[in-house]
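Undergrad: What follows is a single structure, and I will ask about it in a moment.
Just so it is clear, none of the values below were taken in a lab; they were calculated from the coordinates. Predicted model, so just to flag it, every value in this text is computed and none were measured. Glycine gets a Cβ as well: all are built from the backbone with ideal geometry, and neighbour counts include every protein chain shown.
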Amino acid sequence: MSSPTSIIVAVTLALAGLSTAAVPATASAADPCNLGVARPATYAHVVVIFEENDSYSKVIGNTNAPYFNTLASDCALATNYHDDASVSQPNYMAATGGDATGVGVHDSTPSIFGQAPSWRELEEGMGSNCGGAGTYYKRGHDPAYWYTPIAAACKLDDTSTANNDTGAASIPSPLPAYMFITPNVCHDHHWVSGCPQADTDAANLAAMDTWLSGTLAKITATADYQAGRTLMLIAFDESGTSTTTQVAMVAVAADIAPVHDPTWYDHYALLRASEETLGVSTLLGNAATANDMRAGMGF
């Protein structure tokens with residue numbers, strides 16, 4: 001794991017929009033990047049994780065999120081990444097189908113779930129497969145549920161994990177080609193009555209960070225990840241404020257070296273990255289014209 005000094009240096013450079021390629025990273029369970037494996041032409045597995053409602057400036061450099069900031073220092077951080085809507089569901093749809101559709105609206109267009117050779121969605125706290133009501137679960141955070149072309153597959157592949165597992169949820173083995181993971185509203189920087197932490201920004205960010213650390217520890221321990229076949233893309237869905245659209249986003253893979261990329265990206269760019277790194281040739285919706293993340297982010 002990087003020292004506190006290296007993290008502070010990296011965060012300072014990030015806020016200035018500068019590259020941190022020279023910031024050293026070491027291979028450990030807490031620092032899953034730059035492990036010395038070769039970069040693949042395409043990845044066999046892409047994992048997308050969405051957190052909720054916090055702006056870039058409130059996450060990067062925040063001591064209540066030490067694990068996320070370790071990733072920001074030692075992996076690839078997008079320093080100019082933006083949401084596509086001011087509410088949740090359209091952002092999740094933008095990142096999976098290329099169109100920021102409305103709230104509570106089913107979508108008949110294709111999605112990456114239909115493009116990928118195999119897929120799984122893990123929804124923490126969902127009551128039953130594909131949208132079953134559950135404590136701390138929100139359908140607006142469950143993109144697979146809203147795509148009508150995959151309705152049959154959704155009943156099999158949109159699955160739940162236990163509430164309050166702080167990252168101990170079962171990770172499929174082997175990993176599917178595409179996996180979307182949504183923490184519950186206690187672990188994604190949201191809060192509702194019943195969540196174990198206090199309803200403060202510090203406590204909610206800390207709960208998010210603990211859950212993320214536990215979840216990534218399970219994924220990075222897999223043979224697929226250690227061999228350099230897995231890419232993880234982790235973003236906040238929206239800033240949660242009317243004053244900025246900028247949110248934090250990191251790319252994590254065994255072959256990624258530390259870099260902070262100032263290119264303008266959004267959730268459409270994340271979809272394009274997901275498709276292209278899996279070798280999908282047809283880009284969906286606004287992903288077709290989104291900026292390509294691969295060169296700048298180093299994957």
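Undergrad: With springs only between Cα atoms under 10 Å apart, run a GNM on the chain and tell me which of Gly214, Gly132, Gly194 wobbles the most.
TA: With Cα springs under 10 Å in the chain, the top fluctuation among Gly214, Gly132, Gly194 is at Gly194.
Undergrad: Could you tell me how far the Cα centroid of region 230-299 sits from the Cα centroid of region 191-208, in Å?
TA: Region 191-208 and region 230-299 have Cα centres separated by 27 Å.
Undergrad: Pull up all non-local amide H partners of Ala177: gap of 5 or more, or a different chain, and H-to-H distance under 5 Å with H placed in the peptide plane.
TA: Ser118, Trp119
Undergrad: Oh, and also: Need one word for region 131-279: rounded, prolate or oblate. Basis is the Cα gyration tensor (sqrt eigenvalues a ≥ b ≥ c); a/c below 1.5 gives rounded, then a/b vs b/c decides.
TA: Rounded.
Undergrad: Please turn the phi angles of region 144-161 into ³J(HN,Hα) values with the Karplus equation 6.51 cos²θ - 1.76 cosθ + 1.60 (θ = phi - 60°), one per residue in order, whole Hz, x for glycine and proline.
TA: Going residue by residue, I get 4, 4, 8, 8, 5, x, 10, 4, 5, 5, 4, 5, 9, 10, 9, 10, 9, 10 Hz, with x marking Gly and Pro.
Undergrad: Could you compute the FRET efficiency for Ala295 and Ala133, with r as their C-beta to C-beta distance and R0 at 41 Å, rounded to 0.05?
TA: In this case the efficiency is close to 0.45.
Undergrad: 222 nm [θ] for the chain, helices only, -39500 (n - 2.57) per DSSP H run of 4+, per residue, to 500?
TA: -8000 deg cm²/dmol
Undergrad: Can you classify region 80-146 as rounded, prolate or oblate using the Cα gyration tensor, where a ≥ b ≥ c are the square roots of its eigenvalues, rounded means a/c under 1.5, and otherwise it's prolate if a/b beats b/c and oblate if not?
TA: In terms of gyration-tensor shape, oblate.
Undergrad: How far apart, in nm, are two points set 7 Å out from the Cα along the Cα-to-Cβ line at Ala152 and at Ala198?
TA: The modelled label-to-label distance comes out at 5.3 nm.
Undergrad: Can you give the Kirkwood hydrodynamic radius of the chain from its Cα pairs, in Å with one decimal?
TA: So the Kirkwood estimate lands at 18.7 Å.
Undergrad: How far apart, in nm, are the 7 Å Cα→Cβ label points at Ser57 and Val103?
TA: 2.6
Undergrad: Residue by residue through region 225-239, what is 3J(HN,Hα) from phi via Karplus (6.51 cos²θ - 1.76 cosθ + 1.60, θ = phi - 60°)? Round to whole Hz and write x for glycine and proline.
TA: Listing the rounded values in order: 6, 4, 7, x, 9, 10, 10, 10, 10, 10, 9, 8, 5, 7, 7 Hz.
Undergrad: Hey, another quick one. Looking only at the chain, where both bridge partners belong to it, what percent of the DSSP beta bridges are antiparallel (to the nearest 5)?
TA: Restricted to the chain, the bridges split so that about 30 percent are antiparallel.
Undergrad: Here is a follow-up. Given the options Thr79, Thr159, Thr148, state which has the largest fluctuation in a GNM of the chain using a 10 Å cut-off (strictly under) for Cα springs.
TA: Thr148
Undergrad: A further question on this structure: Out of residues 5 or more away from Tyr147 or on other chains, whose amide H comes under 5 Å of its own, with H placed 1.01 Å from N in the peptide plane?
TA: The answer is Asp107.
Undergrad: Could you list which residues have their amide H under 5 Å from that of Ala248, counting only those 5 or more apart in sequence or on another chain, with H placed in the peptide plane?
TA: Tyr56, Phe236
Undergrad: If you don't mind, another one. What is the distance in Å between the Cα centres of region 65-94 and region 169-189?
TA: One Cα centre to the other: 16 Å.
Undergrad: I would also like to ask the following. Pop a pseudo-label 7 angstrom from the Cα along the beta-carbon direction at both Thr282 and Ala162 and give the gap in nm to one decimal.
TA: Output for this residue pair reads 4.1 nm.
Undergrad: When a/c reaches 1.5 or more, the comparison of a/b and b/c decides; with that in mind, is region 205-251 rounded, prolate or oblate per its Cα gyration tensor?
TA: Here region 205-251 falls in the oblate category.
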